[in-house]
Each structure stands twice: as structure tokens, then as C-alpha cells.
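What follows is one structure encoded as C-alpha cells, with my remarks underneath.
Just so it is clear, none of the values below were taken in a lab; they were calculated from the coordinates. Just so it is clear, the model here is predicted, and its values are computed rather than measured. Here Cβ is always computed from backbone atoms with ideal geometry, including for glycine, and neighbour counts include all displayed protein chains.
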Protein chains: 2
Amino acid sequence: MAGIPDSVTMTALSHPAAPGPAGTPRPRTGRPTMAQVAEAAGVSPKTVSRVINGEPGVVATTAERVERAIAQLGYRHNHAAASLARGRTQDTVGLVIEGIAGRFYAELASGVEEVARAHGQQLLIASSEENPDRERETILALASRQVGGIIVVPRSGDHRYLRTELRSGLAVVFADRPPQRIKADYALVDNVAGAREGVTHLLRQGHRRIAFIGNELAVATSADRLEGYRQAHRDAGVDVDPALVVLGPTDVPSTEAALTRLATLPDPATAAFTQNSRLTMGAWRAIKQLDRPVALVGFDDFDLADVIDPPVTVVAQDPVELGRRAMHLLLRRIAHHNARHHHDILPTRLVVRGSGEIPPPRR
Amino acid sequence: MAGIPDSVTMTALSHPAAPGPAGTPRPRTGRPTMAQVAEAAGVSPKTVSRVINGEPGVVATTAERVERAIAQLGYRHNHAAASLARGRTQDTVGLVIEGIAGRFYAELASGVEEVARAHGQQLLIASSEENPDRERETILALASRQVGGIIVVPRSGDHRYLRTELRSGLAVVFADRPPQRIKADYALVDNVAGAREGVTHLLRQGHRRIAFIGNELAVATSADRLEGYRQAHRDAGVDVDPALVVLGPTDVPSTEAALTRLATLPDPATAAFTQNSRLTMGAWRAIKQLDRPVALVGFDDFDLADVIDPPVTVVAQDPVELGRRAMHLLLRRIAHHNARHHHDILPTRLVVRGSGEIPPPRR
DNA sequence: CTGAAAGCGCTTACAG
DNA sequence: CTGAAAGCGCTTACAG
């Protein structure tokens, strides 16, 4: 706290409002208003507004006086009041995700942020914490705060409640998962093709009993990745054993348990395909405990996947790019409310790791 | 898009505003207003306001009529207008972080969110993307959107520009790093003690040449962790060799390079202490390439640290709890603007991994 | 180049 | 139990 005597801080804290110039009422919020700045500078509020918004046609000397008053009074623009007067929000967009934790969402958000910033938009992120009811609340909360557009990473369900917002001009774009029961722009990765490629990689090594471990099917990405798994089997002329498809585990321990069970069946799984990196780590830990090797391919890459032993082959996606694409779609939608809906599908990339692939054991 | 004929969507899109009842002007935003709801329900706007805000003293039949009008017109509350009229923002707090990516911030944010939600506060997160100038802009952008309080994870610098906001009643709390040149509430982990414990662990194994790899000292956590490293040496009566202290690397490749150099000096480092998990992973990768073992302790835990070979001993912190504490401080500050400043310091925990510790090589 | 008036969509502080 | 008036802090659409 170098250079700041205590007493200054104390004084500041006990007089929360800067005293306005005589005659102009002190604002409710305790902060100076445009009217006070105007009075201090000896101009009208409209002129202050011009200076703040960088509108042309204010002579330099006047602008200077206004700037000085702004600095002196510690004026801060009230963005909320401005957007109310304008009838629309300026330069703010929202992102609604399930939960902030998790590398995938974090990277997606940083892609959105990158593009938002490049276009002068302030990004506000709100999390619905994996609760479908909260998802709706969170979106509406953001909308009621007058953002210009919203990117949603939906969990599931029915998005028809958004029709009211869409109709009243809110721009909405979906990312990672498509909207359900309404039409809207969206950006996804090619989940079906990615899963198909990953599972085909296992089939080519000779595996015929490949476990699929994923989330509940209500989440669209799960359904698509399972579809990719099925397609790969169909392409290879191999039947899927429904007993090897496990939907539900979401954390490491439950995935470990599921994998252990599948790998110790009388007719065991010799390989596994996992639907996200958390499940992949769980499966990997289970395999490590088994007395026989089980091949593993996971959807989504993760730190250290290349250096653990055995290393893990993954279907990598690019969440940052997904975020960028979603934000571009949103900007387009904000500019053209009646444009046709666009859908961006990003490719995945199979990253093969481990020189010694694990073939199925001979019987 | 089951059940939704195209034509409906098209119609909705081409008529962005719901037609208001005759006589009430159509609002600028294209969405129905309280006045329109009032007219439709045959009541005054004040009564609609009462129903929406759950104020008592509205007879059930009237409330019902209002509810019906709200549903029919697709009315959405304008939170921005409400907070302008109220003179303060209701139920919204902000969190400003450097970047969303990274497990630490993500977990911190989820701790904040957890407590915010429990107290009926909507959390809005904004990222300043590791740019100190943007940090200021981001905080002010959030403040101008009339949030009730802000939690800041500062990068560095001088926070005196926040005095204006503090004076006008904005509640501000710092998390993970303390404020600079102003007084404010903050929640931190005990970086000095944590680093001291981690480095002492290495000293006890007999290491005398322990590298420190960290970020620039402008970031307070760096300086504190280096201080802990120094204290541990002092306690053990071992001199610190300044050549073993490297500040600067922020990514995996530059950390690998730094560690490799230190471990191949004529009088090499036999152990290393790294300041965050990214640096730890970089150092680990470098050590893996060397022909001699180097002991490693890292600040902050990470996924798979226990299963890589060799496993990594860490000084674990609890970012979720840190976020919770920060949010509690913020709630307290919002409720009591003139309360004394509080500082929460969370302990760290040494997690020793690997049965075979790596002692310094004999000469 | 500058300003007075009206209004954005809501709530407060009063009345009745 | 319900409502008319005034105002939150800003901007729009005009004037001069």
C-alpha cells in the first residue's frame, strides 16, 4: 500500500458519494451523472454525451472542458442507462455453458472471447451448472440484461422457450450441440465421423469386441458418437454387442468400474472407445489395473495423453476454433436477423499414439 | 425440428415485434413492455410490476389476469430498466479473470458460482486475456453494466484506478492475488508457506541445488512462492544460488528448455520446484529426456500427476474453495460497505507421490 | 457547433 | 388492494 496513508482510504470509505456541484441533485447510485458533468463543464448533457461517445462536431476547447470535468468528478458512464435509451444493447454478447470447469468449455470460451474482442464486443459468460432448468434461467437472465446475442452450449431438452426471445430480436447461436425443436445457427464438431474414425482404428487392429462408454443419449454429442461407433461396425461388417455399450458414467470412478466389468465378462471387451476425456482417463486407470491389455481410443485430447504408459490414441477436436466459429455465426446473426440459418461442422483429427498398438489377445 | 412447420419459423422471423394492443406504442426493442401487459390485463403498470416482483397485496384474480397477459404477449422483464429505476443493480455480480482456459481459473470460477447461486446472485464472468490494460477495461466494462460487486483475479500493476468505483459504492474483492496500492478484501492461498513446505521436502532428501522456475515477479503469487523457496533454504542453512532461479517461462517448451539448461550446468540442479502446473508439466517432460534423475515438486496439482512415471509430488491448493471464500467476502462487502477489510488465507497441502524419492546423486 | 424536450422501460413514494 | 405521477441516467430527433 505504498504511498497511500490509511486515512485517505478511510475517508473515501466513509463518504461513498462524490459531492455533486451545487444545484444538481446527487444521483441515487452515488456516482456522478452526465448532468453533473455538464453543469461542471458549463455545457448541456447532450454535449457531454457527444464527447463520451466520440460523436463529431464538438469543438476541441469544449471537449477538453468536458474531459476535465469527467476526470475531476470521476464520472463513469452508465452503460445500462445508455442501452435503455438506445433501445438496444451495444457491444455485449453472452455465452451460456453448463459449467466453467473442464478444459473443453474453457477453450471454447477462449475462442469465443478472442473473436468477440476483435470485434469490440464485451463477452459475458454465465454458467448453468449442468442443470437443464438452470440453463433456461441462465439464458433468460442474460437476455434480460440486454445483451445483443447469446451463444448457448445446450445440455439437452427442448429449446422452444427461446422462440419468444428470437421473435423479439435476440440473436442466438448454439455451439457443440444443436438446438432441439427450434431452428437456429450452430457450430459443431463432426461427432459421427470422428467416432467412426476412432472406432475403425480399433477394428483395423483386429478388435471385434469394442466397448463404448458414454453419457446419457439425451446429450446430442453422445448420441452422435454412438452413431459413429455403430457406423464403424457396420462398415466393417461386425455386429455390435449391446452389452458392450454403457451409457451413464460421468466421472472417473464410475468409468473405472464400468470398464473393469466389461473387460472381465466371460466374452470380454478387448478394446474401448470413450466419449470424452474424463471418461478416457477413468478407462485408462481401470486398464492399468487389469492383468491383460485393453486397447483404448478416446474422444477429445488431454494433457499428458502422450506420456502416460500406455499412451492414448485420441480423436482430437479443436474447441478454440469451435468457439471462434460460433462467435462468427453470432456476429452474422446480429447483423442480419433474417438471414438463413448456417451450420458449421468442424472436422476431427485422429491422433495415433503408441508405437506398439494393442491387438486383441489370441484365444 | 419435429412439430415445427417451417412456415411458422419464417413468419416469426419476418415479424420481429409482437403487435401490441391498440393504443400502446410498440416498444423500440421489439418486445412487449409492462405497459402493454398492463393494458392487455386491464390494470396499471404498477400492478404488473407487483406481480412480477412478487410484491404482496395483489388479489389472486388480478394476479392471474396479469400472468395470463404476460404469457400471451411473451413479456420478458427488462432487468436493465429495472435496475436503472431502482438506482442499483439487483442480484448480479461479476468475476474478472485473466483467461478462461486453465484448470485453476475454471475451478475458482465454479466455486464463486456455487456460492453466488446459493445466494440468488447471477454471476457474469469476463476475461481480460492476460493483458493488464484489458484488465482495467474489463473491470470498468462490468462496473458500467451495473453489477453489484466484482471479484478480480488481478494480473499485476496498480489498482488505484478502482478508487473511483469503490468510492461510488462498488464492492470489489480480490482473489488469488492481493490488490496493489489500494486496500480491499482478498482471498489467497498461503503461497509462502506452501512453497516453503514443498522446497523443504526436497532439502530433506538431501538436495542442495534446487532450481526455482516461475513467472515474472510482478505477479504476486510468483514473488510469494519465491519467498517460500528462499525461506526454506534459510531454515535449512543452505545458500540459494541465483543462477538456479529462472523467472519467465510461461509455457511447456520454454520450461523444458530452462530445466534442461539448469540440469546440465557444470554444477547442475539436482531438483526443481515449479510454480504452477503448466511449468511442472514442462519440467517433467524435460526431466524425462535427461540421462540422470532430477527430483521435482510442483505448486498446484494436476490430472494424472499420480500415474505418470515418475509421479509428481505437489503442493496442492483448493481453487474451488478459494472461489467460495472470495464470493463470501463479496457478499459481506455488498451488505456492509464500510466494514473493515478482511483477508482470507487458505492453507496448502503437500501431496507426496512416488515411493522411491529421488535423492541427489553422489559425486 | 450546441441545446431543450421527450422518451427508453421500469420502480419509488405517495395517494386513495 | 390499486393507480397516477415523477424520475432513474442516458440518447434520439429536432431546432437553432
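Numbers for the structure displayed
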read-out	value
Percentage of interatomic Cα-Cα distances in the protein assembly as shown larger than 48 Å	26 percent
0 to 90° range, to nearest 10: angle between helix B:60-73 axis and chain B longest Cα axis	70 degrees
FRET efficiency, A:Arg353 to B:Gln205 (Cβ-Cβ, R0 35 Å, nearest 0.05)	0.60
Cβ crowding within 10 Å averaged over residues, with A:219-232, B:152-165, B:79-92 ranked highest first	A:219-232, B:152-165, B:79-92
Packing-based order for B:313-323, B:271-281, using average beta carbon neighbours within 10 Å, highest first	B:271-281, B:313-323
Percent antiparallel among DSSP beta bridges (both partners in chain B, rounded to 5)	10 percent
Fraction of beta bridges assigned by DSSP in the protein assembly as shown that are antiparallel (%, nearest 5)	10 percent
7 Å along Cα→Cβ, label-point gaps from A:Leu290 to other copies, nm, shortest first	3.7
Distance (nanometres) between label positions extended 7 Å along Cα→Cβ at B:Asp267 and A:Ala85	6.9 nm
Mean projection area, nm², convex hull over Cα of segment B:32-86	3.5 nm²
Cβ-Cβ FRET estimate between B:Asn131 and A:Thr260, R0 fixed at 35 Å, reported to 0.05	0.15
Across the identical copies, how the A:Asp251 labels are spaced - nm, sorted shortest first, 7 Å along Cα→Cβ	3.5
Rounded to the nearest 20 debye, dipole of the protein assembly as shown from Cβ charges on Lys, Arg, Asp, Glu	1840 debye
Tensor-based shape of segment A:109-162 (alpha-carbon gyration tensor, a/c under 1.5 rounded, otherwise prolate or oblate)	prolate
Hull volume in cubic angstrom per residue (convex hull over the Cα atoms of segment A:191-317)	92 Å³
Cα-based helix-to-principal-axis angle, B:319-335 vs chain B, degrees rounded to 10	50 degrees
Inter-part distance where segment B:138-206 and segment B:100-124 are each reduced to a Cα centre, Å	16 Å
Exam field: B:Val58 pseudo-label spacings to other copies (7 Å along Cα-Cβ), nanometres	4.1
Taking N as its residue count, the alpha carbon Rg of chain A over 2.2 N^0.38 Å	1.34
Degrees between helix B:220-236 axis and first principal axis of chain B (Cα, 0 to 90, nearest 10)	30 degrees
Residue-count net charge about B:Ser144 - beta-carbon cut-off 13 Å; Lys, Arg +1, Asp, Glu -1	+2
Per-selection Kirkwood Rh - segment B:56-110 (Cα, Å, 1 d.p.)	15.2 Å
Dipole-positive endmost among A:Ala193, A:Ile182, A:Ile151 within segment A:113-195 (Cβ charges, Cα centre)	A:Ile182
For segment A:75-154: rounded, prolate or oblate by the Cα gyration tensor [a/c cutoff 1.5]	oblate
